[in-house]
Amino acid sequence: MSIADLDFIKTLPKAELHLHIEGSLEPELMFELSRRNKIEIPFSSVEEIKAAYKFHNLQSFLDIYYQGASVLIHEQDFYDLTMAYLLRCREDNVVHTEIFFDPQTHTERGIDIGVVIRGIHSALKDAESEWGISSHLILCFLRHLSEEEAITTLKAAKPYLEFIKGVGLDSSELGHPPSKFQQVFAMAKELGLERVAHAGEEGPAEYIKEALDLLDVSRIDHGVRCVEDEALIERLIDREIPLTVCPLSNTALCVYDDMSQHPILQLLERGLCVTVNADDPAYFGGYVNRNYQALSESLGMTKKQAKKLAINSFKASYISQAQQQKWAEVIAAI
Ligand SMILES: Nc1ncnc2[nH]cnc12
Ligand SMILES: [Zn+2]
């Protein structure tokens, strides 16, 4: 596929399944909110912010990402943040999105979890009624904090469970294995919530197995280090466990030195249900179509592979089987 086929990527309806809403905070909005809320940030211009976005691993990114989120205070801020992302969905033909949010990043600063959820949820509802973009919200626990704090967060979210589809696990992976969160994931299951977890991004393949065995997740976020364990790859194929892969994130955080080393298309060809996602687009150089474009440019992704990836995005989502089927037919006809 040539670069001229960017239009083709845009024609494909897509679901996005791995997007941290706090990671969609563009420098321009960060500045506006810092002024509006009188929160100091250590940058004097948008250019300075962008220049600071040079990462050498996950932690070097997370330090800047949590600092950026400090400008989010009011319900309107969370609304504006989410609406800005949904406008990008519209541009990229993302018709369904499953959004992560990190309540502890905000509650630690004294912000009520209801402020966060109501702000995000009302933007999601507006985008659905205005543009027909459907969505789910996934509450993530920060794995560098304790399980006890995760349990407190889950309890605080109880009045809002009608707005929450599932729980996830993110932040610093190394040294914080899924086994640390077994109890809180069991509680979430008991509450009828879906479960996903970041695993095998920087952490070993063993963490992917733990997420499956101990947290009973139905999807793995990233998961690219499964390539180091042949038996695990076969298990992921047999059990049809999707991986929400984020190519530009992986190169920005030096999981791979160059996109040409990314295994996503090899995994696709082996029969894994891999999907393409942006992770933290304001920090990693682009939204979902930009990720598809990178696969085209660096890995020679074909139109057939792009269609399969788009079909997988619906198959791996939490929309109904009938809806999944409908989108698969639309894409097959393109
Ligand atoms: N790529 C990522 N990995 C882990 N935690 C995150 N939080 C936001 N982006 C993340
Ligand atoms: Zn992520």
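Could you list, in sequence order, the residues of the range 95-109 that are within 16 Å of ligand 2 (Cβ to nearest atom) and within 18 Å of V245 (Cβ to Cβ)?
Hits for the range 95-109 are T97, E98, I99, F100.
Any residue in the range 191-200 that is more than 16 Å from L145 (Cβ to Cβ), within 13 Å of ligand 1 (Cβ to nearest atom), modelled with pLDDT of 95 or more and out of contact with any His (no Cβ under 8 Å at 6 or more places or on another chain)?
Within the range 191-200, the subset more than 16 Å from L145 (Cβ to Cβ) is 191-196, 199-200.
Going one step further and asking which of them are within 13 Å of ligand 1 (Cβ to nearest atom), we end up with 196, 199-200.
Those left that are additionally modelled with pLDDT of 95 or more: 196, 199-200.
Applying the additional criterion that residues be out of contact with any His (no Cβ under 8 Å at 6 or more places or on another chain) yields 196.
For the range 191-200, residues more than 16 Å from L145 (Cβ to Cβ), within 13 Å of ligand 1 (Cβ to nearest atom), modelled with pLDDT of 95 or more and out of contact with any His (no Cβ under 8 Å at 6 or more places or on another chain): present.
Looking only at the range 307-320, filter to residues that are in contact (Cβ under 8 Å) with a residue 40 or more places away in the chain and among the hydrophobic types (A, V, I, L, M, F, W, C); which one of those is nearest to V196 (Cα to Cα)?
Checked the range 307-320; the qualifying residue nearest to V196 (Cα to Cα) is A316.
Considering only the range 151-190, how many residues are within 14 Å of ligand 1 (Cβ to nearest atom), of a type in the set (G, A, S) and closer than 25 Å to R118 by Cβ?
Going through the range 151-190 one residue at a time, the tally reaches 2.
Is it the case that E162 is charged (D, E, K, R) and either within 24 Å of H74 (Cβ to Cβ) or touching a Phe, Trp or Tyr at 6+ places or on another chain (Cβ under 7 Å) (or both)?
So E162 fits the description; yes.
In the range 228-246, is there at least one residue being surrounded by fewer than 18 Cβ atoms within 10 Å (Cβ to Cβ) and in contact with a Pro (Cβ under 9 Å, 6 or more places away or on another chain)?
Checked against the condition, which is being surrounded by fewer than 18 Cβ atoms within 10 Å (Cβ to Cβ) and in contact with a Pro (Cβ under 9 Å, 6 or more places away or on another chain), the range 228-246 yields at least one hit.
Please specify each residue of the range 2-51 satisfying the condition of being assigned to a strand (DSSP E or B) and more than 16 Å from ligand 1 (Cβ to nearest atom). Break it down into steps so the answer makes sense when it comes.
Within the range 2-51, the first condition is being assigned to a strand (DSSP E or B), and the residues that meet it are 14-20.
Passing the criteria: K14, A15.
Report yes if some residue within the range 222-236 is basic (K, R) and closer than 25 Å to H56 by Cβ; otherwise report no.
Among the residues of the range 222-236, at least one is basic (K, R) and closer than 25 Å to H56 by Cβ, which makes the answer yes.
K304 is checked against (1) of a type in the set (K, R); (2) over 18 Å from L17 (Cβ atoms); (3) touching a residue at least 40 places away in the same chain (Cβ under 8 Å) and fails just one. What number does that condition carry?
(3) is the only condition that K304 fails.
How many residues does the range 158-173 contain that are closer than 25 Å to E210 by Cα and in contact with a helix residue (DSSP H, G or I) (Cβ under 8 Å, 6 or more places away or on another chain)?
Taking the range 158-173 first, the residues closer than 25 Å to E210 by Cα are 164-173.
Filter once more, so that each one left must be in contact with a helix residue (DSSP H, G or I) (Cβ under 8 Å, 6 or more places away or on another chain): 164, 166-167, 169, 171-173.
Number satisfying all stated conditions: 7.
Out of the range 205-224, which residues are surrounded by fewer than 21 Cβ atoms within 10 Å (Cβ to Cβ) and either within 15 Å of ligand 1 (Cβ to nearest atom) or within 22 Å of L161 (Cβ to Cβ) (or both)?
The answer is D216, S218.
Only residues in the range 27-54 that are surrounded by 14 or more Cβ atoms within 10 Å (Cβ to Cβ) count as the first member; pair them with residues that are modelled with pLDDT under 95 and basic (K, R), Cβ under 7 angstrom, at least 6 apart or cross-chain, and list the lot.
P27/K50
The values are calculated or read from the model by the stated rules, or taken from the named source; none is laboratory data. None of the values given here were measured: they were computed from a predicted structure. When we count neighbours, we look across all protein chains shown, and the Cβ atoms used for this are built from the backbone with ideal geometry, even at glycine.
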